[in-house]
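What follows is a short report on a single structure.
The values are calculated or read from the model by the stated rules, or taken from the named source; none is laboratory data. This is a predicted model, so every value here is computed, not measured. Methodologically, a virtual Cβ is constructed for each residue, glycine included, from the backbone with ideal geometry; neighbour enumeration extends over all protein chains shown. Side chains included, ligands, DNA and RNA excluded: accessible areas come from the protein's heavy atoms. Shrake-Rupley method; radii C 1.70, N 1.55, O 1.52, S 1.80 Å.
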Amino acid sequence: MKLLIVESPAKAKTISKYLGGKYEVKASVGHVRDLPKSNKKAIDIEAGFVPHYEISKGKEKVVNEIRELAKKAEEIILATDEDREGEAIAWHIAELLAPEPEKTKPGKAKSKNKTLAPKILRVTYNEITEEAIKEALKNPREIDQNLRRAQEARRVLDRLVGYDLSGLIWKKVRYGLSAGRVQSPALRIIMEREREIRAFIPEKFWVITANVAAKSQEFTLICSEEPRDEKQVERILKIGGETQKNDWRILDLSETEVKRSPRAPFITSTLQQTASSRLGFPPSRTMGIAQKLYEVGLITYMRTDSTNLSKLALGQIFGTIEKKFGKEYLSPRTYSSKSKNAQEAHEAIRPTHMNTEGAGANDEQQKLYRLIWQRTLASQMSDAKMLRSKITANVSDDPKLNAAIPDFAITGQRVLFPGWLSADPEARGEDVELPKVSVGEKLKLLEINSEGKETQPPPRYSEAGLVKELEKRGIGRPSTYASIIKTLDDRGYVEKINKALVPTDTGDVVSSFLEANFSTYISDSFTAEMEDELDDIASGKRQYDKTLKDFYTPFIKDVKIKDKMTEKITNLGAAPDEFKCPLCGGAMIIKLGKNGKFMSCSRFPECTGARTIEGKELAGPKITGEKCPLDGGDLVLREGKFGQFISCANYPKCKYIKKDAELEKQNSTGVECPVCKKGFMVERRGKFGLFYSCSNYPQCKNAIKAKPTGRLCEMCGSLMMEGTKTIPERCSNKNCANHNPHKLLKA
């Protein structure tokens, strides 16, 4: 039996159909080993950045199953994905299956009858089709240690940066925050755009339009100038409107034939961008859907920055174009990759069979598959030919009168030959169809209007826009774009509002802290150079340990210096003078909380007054005017998880809680507490649901899980509480045998 190991169960199921009973196909369900959470145990820096892996939590069963199957196999084939991560998974599996060194007693010879370990081979493929899988099995190879080392270097590097930077941010900003080698530059890019937007000063301008008709076809002309002066607007409207309507004439007409060439077939980044803009899919969702399509053999591997297409694929594409559209639509093309390190896969993302126009198990898969099919087909088709027209008009052909107001114009286009747009009509956009007119022809003015507008700041990044920007700056790689954006969202550093990525207060503070203290390590150039160095490890041009040492030595030195020199950010500056503390009337400062920025009393913790950034009073502790009976402190009204309550302002030193007599009366069971004999058992709600405790809390801390029946246990004297249908009641004392009557019944 031959054992073939892949990552996912879906992929295993698909490949099993192709190979029949000769192979046992088993899924590792992703990674089987990873670094432990503790950084001290994870990486031995002094030994040369040696990682110490452990079996991932929850993967013990899978690993044991693979090991048992490996014992029976005559050959083990590692068929994980062809990129660095797939190479790393293959290596981890091989390490787990490697035989342990034979242990012998001193002076005793090793056994000669030792069973030989099965041979471990590595195969790769770009698509999950029967032909591709069988061809891959004919050409096995060894595990590419350079690729594996590059992935290991990335993992170790990200762990070191994240662990040390996050630890510092916990100390200096707020507990629970994080920073990363690639996510931090991405956050900086978003914040740089946000600061441009904040600094932008809008200017008012007017857009003037004239609705006209030529040969009974209506269209809209737009004034070539956007006046800033309202008086100028009134003058243009007056002259344009009061002039005889038949005086409007066409002054100029230009028609130019232009060509629109198709785009290259999809790579990871362009697929994410197009799926975001056309289908509204976030990058992480796009990659998840693409993964499913790949695993069932519908598309080629989806993590790639190569625009190449195989000869076999081109033959299918050419045939489909000729059959569906005609020979005049075929135009074979080659595309050069923008990435200088386009080596993670051999082909662009394409359907495995071009004659399948629609495929997918659900609506999302069908939409993404069609998008890929359209782009692949269009990439080998003829240019679209368009006739671009521009009509320029004014109130008259009299030069003196024309000088009184600016010209009005409109641009449109007509499709002369659709070419590749026939395969991808959504890329056509909205074409403005203009009537056939001639210079000097009269136009009938229907209406002339103005609309006041303001200049707009640069737009915030959408998910597609950020992916494009990261790719342009060389930050990250195809397999990391989706995870970068997802991490920023999961950490609460950005939120998506109307498709735009808007930094939160937390993201603002974290980015500002990193920019002020670690600008070098989150700069475009540094991050891009580090990606290039990882690529050099993959190609065998750089050494693993030297690369990490060159980075980590100055980095950890800077972290230690900043740890000593940087003050803890307890506040973010003074609040506006008009906002005073709602409790004491004192000055306020701006702080960063779990839910963003807020205003806090400058006398905190002596005073707990707080407001929102907008100035609204926050629901926080409010002095009631009463005194605590235990230590004489002020009693304050607080907002708890289960509503309002009154407690001592000196908490946690004093844990006095004023009882709500009315509430306790409603929730009281009427059963006297057997411990203190002063209170009654009251129904309460806690972290794990309902429970019953003494009304004399915190002086008496007697509590039970179920409702008390009022009877006392005959064996220990504790309260009896409600049980089950078979056993109506049981003792509340865990140490009493009557707590679990089932044992007594069995005995």
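Of all residues in the range 183-219, those satisfying the criterion of being closer than 15 Å to E469 by Cβ and either part of a strand (DSSP E or B) or charged (D, E, K, R) (or both) are R188, E192, R193, E194, E196. Scanning the range 56-71 for any residue that is under 19 Å from A136 (Cα atoms), polar (S, T, N, Q), open to solvent by 10 Å² or more (accessible area, probe 1.4 Å) and out of contact with any Pro (no Cβ under 9 Å at 6 or more places or on another chain) turns up nothing. Screening K541 on (1) in a helix (DSSP H, G or I); (2) farther than 30 Å from F604 by Cβ; (3) of a type in the set (D, E, K, R) shows it passes everything except condition (1).
Can you find, within the range 687-704, the residue that is most open to solvent (accessible area, probe 1.4 Å) among those that are touching a strand residue (DSSP E or B) at 6+ places or on another chain (Cβ under 9 Å) and assigned to a strand (DSSP E or B)? Here the residue is L690. Filtering the range 277-284 for residues that are over 17 Å from the mean Cα position of the chain (by Cα), part of a helix (DSSP H, G or I) and at pLDDT 90 or above leaves a non-empty set.
Only residues that are under 25 Å from K499 (Cβ atoms) and either open to solvent by less than 20 Å² (accessible area, probe 1.4 Å) or not aliphatic (A, V, I, L, M) (or both) were counted across the range 179-213, and they come to 19. Scan the range 542-566 for residues that are open to solvent by less than 100 Å² (accessible area, probe 1.4 Å), more than 21 Å from E531 (Cβ to Cβ) and free of Cβ contacts under 8 Å to residues at least 24 places away in the same chain and report the count. Residues in the range 542-566 being open to solvent by less than 100 Å² (accessible area, probe 1.4 Å), more than 21 Å from E531 (Cβ to Cβ) and free of Cβ contacts under 8 Å to residues at least 24 places away in the same chain: 1 in total. Against the conditions (1) open to solvent by less than 10 Å² (accessible area, probe 1.4 Å); (2) more than 17 Å from the chain's Cα centre (by Cα); (3) under 20 Å from P9 (Cβ atoms), K292 satisfies every one except (1). Flag: K665 does not match the condition of being open to solvent by 80 Å² or more (accessible area, probe 1.4 Å), over 46 Å from the mean Cα position of the chain (by Cα) and modelled with pLDDT of 80 or more. For K238, are the conditions met, namely being within 30 Å of L443 (Cα to Cα), free of Cβ contacts under 8 Å to residues at least 12 places away in the same chain and open to solvent by 60 Å² or more (accessible area, probe 1.4 Å)? Answer is yes for this residue. Looking only at residues that are assigned to a loop (DSSP other than H, G, I, E, B) and at pLDDT 90 or above in the range 241-272, which one is most open to solvent (accessible area, probe 1.4 Å)? It comes out as R263. Against the condition farther than 26 Å from G596 by Cα and open to solvent by less than 10 Å² (accessible area, probe 1.4 Å), how does L488 come out, does it pass? So L488 does not fit the description; no.
May I ask you to list the residues in the range 502-520 that are within 30 Å of E85 (Cα to Cα) and open to solvent by 30 Å² or more (accessible area, probe 1.4 Å)? Hits for the range 502-520 are S519, T520.
In the set (1) crowded, with 19+ Cβ neighbours inside 10 Å; (2) of a type in the set (A, V, I, L, M, F, W, C); (3) under 30 Å from D489 (Cα atoms), L298 fails one condition alone, (3).
Would you point out which residue out of A47, A90, A10 is crowded, with 21+ Cβ neighbours inside 10 Å and either closer than 30 Å to T553 by Cβ or under 30 Å from the mean Cα position of the chain (by Cα) (or both)?
Within the list A47, A90, A10, the selection yields A90.
Would you confirm whether any residue within the range 166-173 is charged (D, E, K, R) and either crowded, with 20+ Cβ neighbours inside 10 Å or modelled with pLDDT of 90 or more (or both)? No; the residues of the range 166-173 include none that is charged (D, E, K, R) and either crowded, with 20+ Cβ neighbours inside 10 Å or modelled with pLDDT of 90 or more (or both).
If you filter the range 305-338 down to residues that are among the small types (G, A, S), open to solvent by 40 Å² or more (accessible area, probe 1.4 Å) and closer than 30 Å to D532 by Cβ, you find that the one that is modelled with the lowest pLDDT is S337.
Restricted to strands (runs of 3 or more DSSP E) entirely inside the range 409-528, those with at least 2 residues that are more than 30 Å from K231 (Cα to Cα) are 494-497, 500-503.
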